[in-house]
Amino acid sequence: MAQVIITNLVKTYPDSKGPGVTAVKGISLTVENGEFMVLVGPSGCGKSTTLRMIAGLEEITGGTVSIDGRVVNDVEPKDRDIAMVFQNYALYPHMSVRENMAFGLKLRKLPAAEINKRVGEAAALLGLDELMERKPKALSGGQRQRVAVGRAIVRQPKVFLFDEPLSNLDAKMRVQMRAEISKLHARLGATMIYVTHDQIEAMTMGDRICVMHDGVIRQVDEPLALYDRPADLFTAGFIGSPQMNLIKGRVETRAGRPCFVEQNAPADGPRWSPGNPGLVLALDQVATPHITSATGRNIVLGIRPEDIHEQAQPGTVAAIARIELVEPMGAETFVYLRTGAHGLVARFHSHHALKLAAELTVHLNLARARFFDADSQAAL
């Protein structure tokens, strides 16, 4: 186990015709000893590039990477005491499972008894005992990924690096392998850094999550803290499935009460009711100094689908919307709604039928809502 410290890390890909492309823009991050850190973000945000710089597979343009107290910028990948699991498994097709797992140890010239001991322990841990003599072509995708993980385990590295290891698996196998890797971390107590674009993987696996976008870190926090208290609009919209509803509007004083007034729909945009300009929500119960100080400014109201209810509950505020789409999911139903200028999605737990295009009164729990400055995009 080891602590990993990234300080002002920069990666720029040069271009002879211009200034080049900066994929990672001076990020700093500390991964604690034994922590499972997930780097998550959309394609092109710099997360895999960051992982590859930690591994030594990409040259560092600026800043430092430190593993277990040692700066490793100029250390060869094989000497960093890390093990990496790739998206495409990277198994040798002509070798058996046993040979694939043992190959790195043989290169390090460990005694045969030690190699057999480590390979046997990893195989038992991952349920590979009956597959040891098979070649990769005779394995399923999930089995191949377990072999790739086993090959990393036998090295007993200070840090495990995972680069989107589950993206090639089907949905059911991804769920299974998520659980397997999480259990593995609990057993080994090892430092792990895991890259994914799937925010569900991030939420279910990470001790902490680092949200990246456009080469910078947006927020680093524990999963539920990240979900409940996103620091900015990007994080609010990216974390959660379905994502947080984001409604543009203003804080205004009406009849002496602070209210959120939804931005009117554009003249040529969709309107569910010709005479209704959108939502007007009283903010009496959530009128904190941060919100009241935003009176007259453009803000964004963020509310999770599960905080929009069919029935009135203590502290909720009623609103009228039109039903545009209903998606029954079994234990819950996603209902897509239209207000004056925005589409919303609600997560209901009832099973009764809802009619498309019908008006529906919903009840918003504003105590669970988040408010963001429309210009800076930061949470109020």
Return the carbon/sulfur percentage of the accessible area of the chain, one whole number, probe 1.4 Å, all protein chains in place.
51
Listed peptides 1-7, 46-52, 355-361, 72-78 by packing density, highest first (mean Cβ within 10 Å):
46-52, 1-7, 72-78, 355-361
Once the Cα atoms of helix 141-153 and of the chain are each reduced to a long axis, what angle between those two axes, in degrees from 0 to 90 to the nearest 10, is obtained?
60
Under a point spin-label approximation (7 Å from Cα along Cα-to-Cβ), what is the Val71-Ile320 distance to one decimal in nm?
6.6
Using a 7 Å offset from the Cα along the Cα-to-Cβ direction at both Phe86 and Ala171, what is the distance between the two label points in nm, to one decimal?
2.9
Give me, ordered by chain and number, the residues 5 or more places off Leu283 or on other chains with an amide H under 5 Å from its own placed amide H.
Cys259, Phe260
Starting from the eigenvalues of the Cα gyration tensor, five times each then square-rooted, give me the equivalent ellipsoid semi-axes of segment 107-232, largest first, whole Å.
31, 17, 12
Helix 171-188 axis, angle to the chain major axis (alpha carbon atoms, nearest 10°):
60
Tell me, what is the FRET efficiency for Arg250 and Leu188 to the nearest 0.05, using R0 = 45 angstrom and their Cβ-Cβ distance as r?
0.30
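Would you mind working out the accessible area per residue for the chain, using a 1.4 Å probe, and quoting it in Å²? Walk me through the numbers before you get to the answer.
Values: 17810 Å² over 380 residues.
Dividing the accessible area of the chain by its residue count gives 47 Å².
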Would you kindly state how much longer the chain becomes between Ala367 and Leu354 on full extension, computed as 0.36 nm times their sequence separation minus their alpha carbon distance, in nm to one decimal?
2.0 nm
Could you work out the Kirkwood radius for segment 235-380, taking every pair of different alpha carbons, averaging 1/r and inverting it, reported in Å?
15.6
Starting from the Cα-Cα distance between Ala179 and Ser28, subtract it from 0.36 nm times their residue separation and give me the gain in nm to one decimal.
51.5 nm
Mind computing the radius of gyration and Dmax over the alpha-carbon atoms of segment 289-351? Å is fine for both.
14.0, 43
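The values are calculated or read from the model by the stated rules, or taken from the named source; none is laboratory data. All values derive from a computational prediction rather than experimental measurement. Note: ideal-geometry Cβ built from the backbone for every residue, glycine included; neighbour counts use all protein chains shown. Only protein heavy atoms, including side chains, enter the accessible area calculation; ligands, DNA and RNA are left aside. Shrake-Rupley method; radii C 1.70, N 1.55, O 1.52, S 1.80 Å.
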